[in-house]
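Note sheet for the following structure.
The values are calculated or read from the model by the stated rules, or taken from the named source; none is laboratory data. On a predicted model such as this, the values are computed, not experimentally measured, just so you know. Neighbour counts run over all protein chains shown; Cβ positions are idealised from the backbone, glycine included.
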DNA sequence: GTCGGAAGAGGTATTTATTCCTGTTCGACC
DNA sequence: GGTCGAACAGGAATAAATACCTCTTCCGAC
């Protein structure tokens, strides 16, 4: 299975793994920086754009990455003291609106047919754990008892939902609003609460929230 | 490493493994039979031609081949997007407030010590798939582009968030408010929208939402 | 708040892969 | 040997990806 979505995901992940944006990765590989623009992955008429094998080859060479790693294929014969890959499993993925049309489920109700892509759940990465919410200060997003999956020390961008643990022991779930070398501005998940600035030096660790239970 | 030569070799081998010629393989995949002609792999000026990722995808689908096998990467991949059990590691679970106290992470920042439980994820045999949200009618819970993990035909209780597909093709994410033998009352995730009653006979399938991406 | 570079959307031009087509070769079958 | 369909080479047309370009927005440094 080599799906459109899987390839683009792999490109985005490769960029992230190298602390690059998609345009930065393209640039690094000698390609035009707009080559992997999100806006160009699906044409206006809905047709999917498939990055060329030549472009893929170039980004792999530029980042020193094996194709197997790029595609998230485990190679048990490599056996080179690699730690177990993080917890993940591929889950078939389809657009919500698409699910209304026929042809996506077999007679037993399982995903079938063309159109299904794959999403990794709960995520790939070495330090992924779950935290259980208490209290209702994060309603309506997170109710008491909800579980959130957190990738600690993952790359975090503006707008990301994160868990932050400060040096004095406070743990909070917030949205990154702004990030500089010294300060992080954290907006509350509950708009009733004010934006809060935290010194980076005060932060013991930060993890990006990947999933929330429902 | 993904080289021109490696890809073409893989195509030829895939054809041979399926008792096909390169032109037969192309034909089988719905491509023009001349697509993989040897004569077209290197242009007259010496420039190498790289088959497109879309063409590769098509031949993999047509022959039921995994990309790892195609590229000669040993892969213990099994079934529909399932990695081998060995690579699936449980995700440790802790209370959010507890995470503020010491003793739950080791020096490298990984979960350690007592108090960690384990999150339960859907079992292998369950019919679990992901749907990608479009539009913003489900804000603030689900933004456009968010992915929700759905267990189709799972047991559903009052208060559960569900995806419902009706017989006339509508797909919607709602909260079960009341459920009788004949009727299901579905509250919207966006409180601005009214509660809706749907006859059970009108529902093609219902799936409980397990997780939402963040 | 200002500034400058990166990121990204969107449009056009150029390049490149596939498709369409024609003709030749090859191999199986009669 | 003749016939037929598949395989293959090669050229032109078409479709699709990248390159180039412009503009706007974002983001981090100061």
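Structure data summary
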read-out: Number of the condition not met by residue A:107 [criteria: (1) assigned to a loop (DSSP other than H, G, I, E, B); (2) outside the structural domain of residue A:12 (by TED's automatic domain parsing)]; value: (2)
read-out: Any strands (runs of 3 or more DSSP E) falling wholly within segment A:142-203 and containing at least 1 residues that are closer than 23 Å to residue A:18 by Cα; value: A:147-152, A:161-166, A:171-179, A:183-188
read-out: Of all residues making up segment A:126-141, the number that are in contact with a strand residue (DSSP E or B) (Cβ under 6 Å, 6 or more places away or on another chain) and either assigned to a strand (DSSP E or B) or buried (at least 20 other Cβ atoms within 10 Å of the Cβ) (or both); value: 6
read-out: Tabulated pairs, segment B:189-202, first outside the structural domain of residue B:164 (by TED's automatic domain parsing), second part of a loop (DSSP other than H, G, I, E, B) and surrounded by fewer than 12 Cβ atoms within 10 Å (Cβ to Cβ), C-beta under 8 angstrom, 6+ apart or interchain; value: none
read-out: Residue identified as within 16 Å of DNA strand C (Cβ to nearest atom), modelled with pLDDT under 85, in a loop (DSSP other than H, G, I, E, B) and not assigned by TED's automatic domain parsing to the domain that holds residue A:208 among A:72, A:46, A:115; value: A:46
read-out: Residue under evaluation residue B:30, criteria (1) assigned to a helix (DSSP H, G or I); (2) within 9 Å of DNA strand C (Cβ to nearest atom), criterion not met; value: (1)
read-out: Residue that is modelled with the lowest pLDDT [pool: residues in segment B:51-69 that are in a helix (DSSP H, G or I) and within 7 Å of another protein chain (Cβ to nearest Cβ)]; value: B:68
read-out: Filter result (in contact with a strand residue (DSSP E or B) (Cβ under 9 Å, 6 or more places away or on another chain) and without any contact (Cβ under 8 Å) to a residue 24 or more places away in the chain) within segment A:35-48; value: A:42
read-out: Unique residue being exposed (fewer than 14 other Cβ atoms within 10 Å of the Cβ) and free of Cβ contacts under 8 Å to residues at least 40 places away in the same chain when the list is B:182, B:174; value: B:182
read-out: Segment A:1-24: number of residues that are surrounded by fewer than 20 Cβ atoms within 10 Å (Cβ to Cβ), more than 14 Å from chain B (Cβ to nearest Cβ) and not in a loop (DSSP other than H, G, I, E, B); value: 5
read-out: Residue list for segment A:130-142, restricted to those being modelled with pLDDT of 80 or more and under 19 Å from residue B:147 (Cα atoms); value: A:130, A:141, A:142
read-out: Hits in segment B:39-49 - residues which are closer than 26 Å to residue B:19 by Cβ and near DNA strand D (Cβ under 10 Å from one of its atoms); value: B:39, B:40, B:41
read-out: Which listed residue is within 11 Å of DNA strand D (Cβ to nearest atom), surrounded by 14 or more Cβ atoms within 10 Å (Cβ to Cβ) and within 27 Å of the chain's Cα centre (by Cα), from B:66, B:54; value: B:54
read-out: Selection from segment B:104-146 of residues that are under 15 Å from the mean Cα position of the chain (by Cα), closer than 21 Å to residue A:5 by Cβ, more than 7 Å from every other protein chain (Cβ to nearest Cβ) and free of Cβ contacts under 8 Å to residues at least 40 places away in the same chain; value: B:145
read-out: Selection within segment A:147-159 - surrounded by fewer than 19 Cβ atoms within 10 Å (Cβ to Cβ) and at the interface with another protein chain (Cβ under 9 Å from one of its Cβ atoms); value: A:153
